[in-house]
1. Look at Ala165 and say whether it is part of a strand (DSSP E or B), in the same structural domain as Ser217 (by TED's automatic domain parsing) and surrounded by 15 or more Cβ atoms within 10 Å (Cβ to Cβ).
2. Assess whether Phe154 counts as being closer than 21 Å to Lys131 by Cα, touching a residue at least 12 places away in the same chain (Cβ under 8 Å) and surrounded by 14 or more Cβ atoms within 10 Å (Cβ to Cβ).
3. Which condition from (1) in contact (Cβ under 8 Å) with a residue 60 or more places away in the chain; (2) out of contact with any strand residue (DSSP E or B) (no Cβ under 8 Å at 6 or more places or on another chain); (3) under 28 Å from Glu161 (Cα atoms) is the one that Gly180 breaks?
4. Within the bounds of the range 125-148, is there any residue that is without any contact (Cβ under 8 Å) to a residue 60 or more places away in the chain, assigned to a loop (DSSP other than H, G, I, E, B), of a type in the set (A, V, I, L, M) and outside the structural domain of Lys68 (by TED's automatic domain parsing)?
5. Considering the range 168-193 alone, what residues qualify as being exposed (fewer than 15 other Cβ atoms within 10 Å of the Cβ), of a type in the set (S, T, N, Q) and assigned to a loop (DSSP other than H, G, I, E, B)?
6. Check Phe167 against each of (1) in contact (Cβ under 8 Å) with a residue 40 or more places away in the chain; (2) over 16 Å from Gly92 (Cα atoms); (3) of a type in the set (A, V, I, L, M, F, W, C) and name the one condition it does not meet.
7. Determine if the range 138-146 includes at least one residue that is modelled with pLDDT under 95, of a type outside the set (Ser, Thr, Tyr) and surrounded by fewer than 16 Cβ atoms within 10 Å (Cβ to Cβ).
8. Conditions first: (1) in the same structural domain as Val74 (by TED's automatic domain parsing); (2) in contact (Cβ under 8 Å) with a residue 40 or more places away in the chain; (3) closer than 21 Å to Pro221 by Cα. Lys121 passes all but one, so which condition is the exception?
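The values are calculated or read from the model by the stated rules, or taken from the named source; none is laboratory data. Remember, predicted model here, so these are calculated numbers, not experimental data. Here the Cβ positions follow ideal geometry from the backbone for every residue, glycine too, while neighbour counts run over all protein chains shown.
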Amino acid sequence: MIQLLLSLITFRCKSNSKHMARITSSILEGLSGTIGELVIYQVDGKTYSRKKPGKQSKATKAKTSPAKRKSQSVIIQTQAFLKNIAHILRFGYQNHIDGARRAYHEAVSYTSTNCFKEEGKSKVLDISLVKVSRGSLMGPQDPKAIRVADGVEFSWTDNSEQGSARFSDQAFVVLYNTSGQGSEWVFLGSFRSIGEHKLPFTNSNSDAQWHAWIAFSQENPWTKKRTLSDSVYLGIM
């Protein structure tokens with residue numbers, strides 16, 4: 001039975017990439033779980049499959065080249081950081097969802113490729129290069145963030161009607177605790193034309209330091225979908 005199902009997957013799939021495939025067989029639609037070396041799962045009502053990751057033996061790990069170890073370190077650091085803000089990335093990377101490829105997948109790809117610096121023989125994540133949002137919308141002009149007693153005040157120059165910018169675009173602001181123990185955010189903040197937005201602290205850890213980002217989003221009045229801008233990192237507050 002397992003061999004039959006594997007054969008069906010082999011001949012009835014539409015490949016999305018070398019890592020996953022869309023299952024079109026009516027027999028397999030709706031299934032979830034594992035069959036042999038394959039994992040079958042659902043995304044937005046569609047069925048996909050991917051191969052199980054293989055386990056490395058100690059001997060294989062010992063033979064791993066320095067370049068591969070560095071690459072593995074990059075992925076480990078990327079996922080360790082991004083998993084803490086996955087809920088934020090779902091909004092910030094929504095323009096990059098494509099079939100089974102989720103917002104988080106795009107964030108991992110961008111971060112691992114663009115957000116590391118060399119330190120000796122190692123690569124280290126540079127949080128100032130991380131984007132919590134990516135898109136084609138015009139970003140904020142002259143953005144700033146200032147720490148106040150009960151939160152952070154974000155400000156920018158109104159550049160409505162320049163390029164794709166509109167007065168009704170809404171600020172998307174994010175704070176991430178430097179200790180990795182929490183985040184604050186507003187997806188739909190002040191309009192671009194307002195020029196400022198205050199993000200108050202909502203937890204008892206307000207004495208901590210925070211990484212800060214700002215971006216904008218714009219709603220399509222017909223589809224109600226939103227186009228995002230690239231985020232801008234504003235430093236540690």
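1. Judged against the criteria, Ala165 is not a match.
2. Yes; evaluated as a whole, the condition is true for this residue.
3. (3)
4. Within the range 125-148, none of the residues are without any contact (Cβ under 8 Å) to a residue 60 or more places away in the chain, assigned to a loop (DSSP other than H, G, I, E, B), of a type in the set (A, V, I, L, M) and outside the structural domain of Lys68 (by TED's automatic domain parsing).
5. Answer for the range 168-193, where residues must be exposed (fewer than 15 other Cβ atoms within 10 Å of the Cβ), of a type in the set (S, T, N, Q) and assigned to a loop (DSSP other than H, G, I, E, B): Ser168, Thr178, Ser179, Gln181.
6. Phe167 satisfies all of (1) in contact (Cβ under 8 Å) with a residue 40 or more places away in the chain; (2) over 16 Å from Gly92 (Cα atoms); (3) of a type in the set (A, V, I, L, M, F, W, C) except (1).
7. So far as the range 138-146 goes, no, none of its residues is modelled with pLDDT under 95, of a type outside the set (Ser, Thr, Tyr) and surrounded by fewer than 16 Cβ atoms within 10 Å (Cβ to Cβ).
8. Result: Lys121 fails condition (3) only.
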